[in-house]
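Before I ask anything, let me first share the structure, which is written out below as structure tokens.
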Amino acid sequence: MGLKQIDHGSEEYNKMIVLRKQILRQPLGLSFTEEELNKEKDEILIAAFDDDLILGCCVLSRINGETIRLRQMAVLDTLQGKGIGASIMTFAENLAIDKGYKYMIMHARNTAVGFYEKLGYKVKGGEFIEVNLPHHVMEKELE
């Protein structure tokens with residue numbers, strides 16, 4: 001498995017969109033708008049590949065000079081629980097640190113809170129609904 005930052009509009013990015021749609025959007029009856037995808041031009045796009053097969057991905061969005069937000073974390077259904085998500089998170093955190101960020105936040109689905117807690121993230125505030133699902137803001141100070 002290889003982890004890397006990918007380019008918006010590339011063939012790898014197209015595979016990332018397909019994976020995110022399959023894992024995160026289609027089960028909720030949702031898709032992406034052109035506007036949503038165009039906003040990702042200035043974001044950090046990370047993916048895990050085994051040769052040409054995308055295994056997982058995430059997007060990092062700048063909040064301010066100290067804080068970056070993890071979004072759109074997805075791993076193939078058949079590979080969840082095998083360490084790919086944790087590897088993507090470590091890669092994303094190290095990349096954020098290299099770029100000078102001190103905090104990583106996210107809107108975590110309630111079903112994923114336990115996964116992120118194992119990686120040192122803490123719930124901040126109460127539950128809220130996003131994309132029709134309960135979420136919590138989570139945060140970690142990067143070291």
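Show the residue pairs that are 6+ apart or on different chains and have beta-carbon atoms under 6 Å apart, the first residue being within region 107-120 and in contact (Cβ under 8 Å) with a residue 12 or more places away in the chain and surrounded by 14 or more Cβ atoms within 10 Å (Cβ to Cβ), the second being hydrophobic (A, V, I, L, M, F, W, C) and in a helix (DSSP H, G or I).
119/89
Evaluate the following for residue 81: is it surrounded by fewer than 12 Cβ atoms within 10 Å (Cβ to Cβ) and under 23 Å from residue 133 (Cβ atoms)?
Yes.
Give me the residue from region 1-41 that is in contact with an Asp or Glu (Cβ under 6 Å, 6 or more places away or on another chain) and among the aliphatic types (A, V, I, L, M) and, out of that set, farthest from residue 82 (Cα to Cα).
Filtering region 1-41 down to residues in contact with an Asp or Glu (Cβ under 6 Å, 6 or more places away or on another chain) leaves 1, 6, 8.
Still in the list and also among the aliphatic types (A, V, I, L, M): 1, 6.
Values: 1: 12, 6: 22 Å.
By that ranking, first place goes to 6.
Another question about this same structure. Out of 125, 100, which single residue is modelled with pLDDT under 95 and either aromatic (Phe, Trp, Tyr) or surrounded by fewer than 14 Cβ atoms within 10 Å (Cβ to Cβ) (or both)?
When all the criteria are applied, what remains is 125.
Another question, if that's okay. For residue 49, indicate whether it is hydrophobic (A, V, I, L, M, F, W, C) and either exposed (fewer than 15 other Cβ atoms within 10 Å of the Cβ) or part of a loop (DSSP other than H, G, I, E, B) (or both).
no
Another question, then. Write out, first by first residue and then by second, each pair whose Cβ atoms fall under 6 Å of each other, whose residues are 6+ apart or on separate chains, and whose first residue, in region 15-42, is farther than 25 Å from residue 110 by Cα while the second is surrounded by 11 or more Cβ atoms within 10 Å (Cβ to Cβ).
Note: pairs meeting the criteria are 15/54; 41/8.
The values are calculated or read from the model by the stated rules, or taken from the named source; none is laboratory data. Only a predicted model underlies this, so the values are computations on that prediction, with no experimental measurement involved. Glycine also receives a Cβ, built like all others from the backbone with ideal geometry; neighbour counts cover every protein chain displayed.
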